[in-house]
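What follows is a short report on a single structure.
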Amino acid sequence: MPEPLTLLCIATYVKGQEFMREAKRLGCRVVLLTLEKRRDADWPREILDDIFYIPEDLTLQQMIHAVSYMARTVKIDRIVALDEFDMEPAAELREHMRIPGMGATTLRYFRDKLAMRERAHQAGILVPPFCPVLNYDVLREFMARVAPPWVLKPRSEASAIGIRKLEKADDLWPLLDQLGDRQSYHLLEKFVPGEVFHVDSVVSEGKVVFSEVHQYGRPPMQVSHGGGIFTTRTLKRTSPESKKLQTLQRNLQKALGFVRGVAHTEFIRADSPETAAKTASKTERPEFYFLETSARVGGAYISDVVETATGLNLWREWARVEVLSGAQAETYTLPKLHQDYAGILLTLAKQETPDLSSYNDPEIVDRPAKNHHAALILKSPDPARIATLIDAYTPRFLNDFSATAPVPTEKPTD
């Protein structure tokens with residue numbers, strides 16, 4: 001009988017419990033590496049074979065030393081980063097220890113917004129005009145050619161962290177002075193207003209085997225920078241938009257060389273076709289532009305929305321494609337799916353424990369509880385009903401609960 005695989009799960013944030021449980025159910029030994037300050041967090045200790053704790057401020061080299069020391073007594077077969085901020089050290093550890101999985105080169109296409117844009121453009125996928133922050137003459141030419149506003153984006157941060165919107169060229173130079181040697185880790189991009197969509201997928205051996213398309217209410221950048229209500233909902237699966245975005249996701253993941261795991265990808269449909277895009281086809285009508293992708297489960301309860309609509313848990317399927325890889329990949333099959341629709345409303349709340357009892361429509365199937373947050377997850381066989389409820393609840397959420405917090409400018413500390 002073959003020896004069970006040992007999975008080292010790296011999680012500096014508290015997430016991925018269902019991944020670890022599913023890996024254990026599949027017969028793996030599951031070892032968790034997390035921060036010392038997460039020692040008392042809600043980990044699935046009943047299924048973990050071991051837990052190792054590290055200080056928060058370890059350098060990459062120190063992390064490699066620590067895991068290599070661990071490997072003297074623990075045979076590690078796979079390394080999985082359960083949070084986006086853990087992906088670089090996980091990739092470097094795989095390279096150093098010659099463990100199968102995504103290496104540092106491929107990872108750039110899922111963490112570096114400049115690399116992913118360049119590869120998408122090469123594959124003929126529309127992207128907003130962009131420019132690396134390297135040569136100042138090239139930046140001046142870009143701003144003279146591409147009308148403002150622009151956004152200055154960190155190349156490797158998650159979500160809307162560190163993004164700044166610029167209205168004129170003179171706004172850029174003081175920011176670059178502040179960034180100093182860190183400025184080359186940014187890119188400048190045309191700000192494209194429009195509706196933002198996300199596609200959440202499972203990829204097995206280079207093939208997208210599952211995808212769900214969703215539409216945000218307000219773009220996440222607006223919610224992050226201006227406050228308000230975060231919403232997203234399943235798009236009608238037979239709609240032209242859903243079909244187009246499914247195709248774009250397949251083409252994108254193939255171009256990026258994604259082999260296995262889960263992917264969360266965002267696209268924007270421009271309000272106006274005037275936005276000049278870099279595209280291989282001059283005749284294609286500008287419509288959906290690629291914004292960014294990541295090899296992770298989407299945040300803000302998106303995985304719960306997907307599971308509510310389809311019955312598929314992205315964390316569990318990620319564990320399954322990770323374990324049933326290579327020679328065993330042919331044994332991977334999707335679970336039985338259902339075809340409902342779902343949505344979520346989520347906001348930072350002024351109350352520590354918001355009272356949502358006045359929201360009592362039968363479509364409400366979950367009320368995720370978190371201090372100073374209000375959230376509802378909705379389910380219906382009719383996508384129009386989900387949209388109607390979100391439209392009705394959004395102003396009520398604003399009045400009843402909504403609070404604001406400072407705009408994130410760097411990686412959160414908790």
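The values are calculated or read from the model by the stated rules, or taken from the named source; none is laboratory data. Only a predicted model underlies this, so the values are computations on that prediction, with no experimental measurement involved. Heads up, the Cβs are rebuilt from the backbone with ideal geometry, glycines too, and the neighbour counts pull from every protein chain shown. For accessibility, only protein heavy atoms count, side chains too; no ligands or nucleic acids. Shrake-Rupley method; radii C 1.70, N 1.55, O 1.52, S 1.80 Å.
Each residue of the stretch 86-92 in order: what ³J(HN,Hα) in whole Hz does its phi give by Karplus 6.51 cos²θ - 1.76 cosθ + 1.60, θ = phi - 60°, with x for Gly and Pro?
Residue by residue, the stretch 86-92 yields 9, 5, 5, x, 5, 5, 5 Hz.
If you average over every viewing direction, what projected area does the convex hull of the Cα atoms of the stretch 1-136 give, in nm²?
Seen from a random direction, the Cα hull of the stretch 1-136 projects 11.4 nm² on average.
Work out the charge dipole of the chain with +1 on the Cβ of Lys and Arg and -1 on the Cβ of Asp and Glu about the Cα centre, then indicate which of L33, L252, L235 is farthest towards its positive end.
L252
Tabulate in residue order the Karplus-calculated ³J(HN,Hα) for the stretch 248-261, using 6.51 cos²θ - 1.76 cosθ + 1.60 with θ = phi - 60°, rounded to whole Hz; enter x for Gly and Pro.
So the J values, rounded to whole Hz, are 4, 4, 4, 5, 5, 5, 5, 5, 7, x, 6, 9, 7, x.
Of all the C-alpha pairs in the stretch 141-275, what % are more than 22 Å from each other?
Above the 22 Å cut-off, the stretch 141-275 has 49 percent of its Cα pairs.
By per-residue mean of other Cβ atoms within 10 Å, what is the highest-first order of 396-404, 132-140, 21-29?
My ranking of the peptides, most packed first, is 21-29, 396-404, 132-140.
Which residues' amide hydrogens lie under 5 Å from the amide hydrogen of I10, considering only partners 5 or more residues apart or on another chain, with H built in the peptide plane?
Under 5 Å from the amide H of I10 lie the amide H atoms of L33, V80, A81, L82, each far enough along the sequence or on another chain.
Kirkwood Rh over Cα pairs of the stretch 286-399 into Stokes-Einstein at 4 °C, 1.567 mPa s: D in µm²/s? Let's see the in-between values first.
Values: Rh = 16.3 Å.
The diffusion coefficient I find is 79 µm²/s.
Using the beta-carbon distance between D49 and D170 and R0 = 41 Å, what value does 1/(1 + (r/R0)^6) give for FRET efficiency, to the nearest 0.05?
Given R0 = 41 Å and the Cβ-Cβ separation, E is 0.10.
Using only the Cα atoms of the chain, construct the convex hull and provide its projected area averaged over every direction, in square nanometres to one decimal. Mind dumping the intermediate values first?
Working: hull surface 85.3 nm².
Projected area, direction-averaged: 21.3 nm².
Given a 1.4 angstrom probe, what's the average accessible area per residue across the chain, in square angstrom?
46
Tabulate in residue order the Karplus-calculated ³J(HN,Hα) for the stretch 68-85, using 6.51 cos²θ - 1.76 cosθ + 1.60 with θ = phi - 60°, rounded to whole Hz; enter x for Gly and Pro.
Per residue, the Karplus-derived 3J(HN,Hα) values read 5, 5, 4, 5, 5, 10, 10, 7, 9, 9, 9, 10, 10, 8, 8, 10, 4, 6 Hz.
Could you list, in their original order, any pairs among K75/K370; K37/K113; K113/K254; K168/K254; K37/K379 whose Cα atoms are separated by more than 28 Å? Could you put the intermediate results ahead of the total?
Working: K75/K370 37 Å; K37/K113 30 Å; K113/K254 17 Å; K168/K254 37 Å; K37/K379 36 Å.
Flagged as over cut-off: K75/K370; K37/K113; K168/K254; K37/K379.
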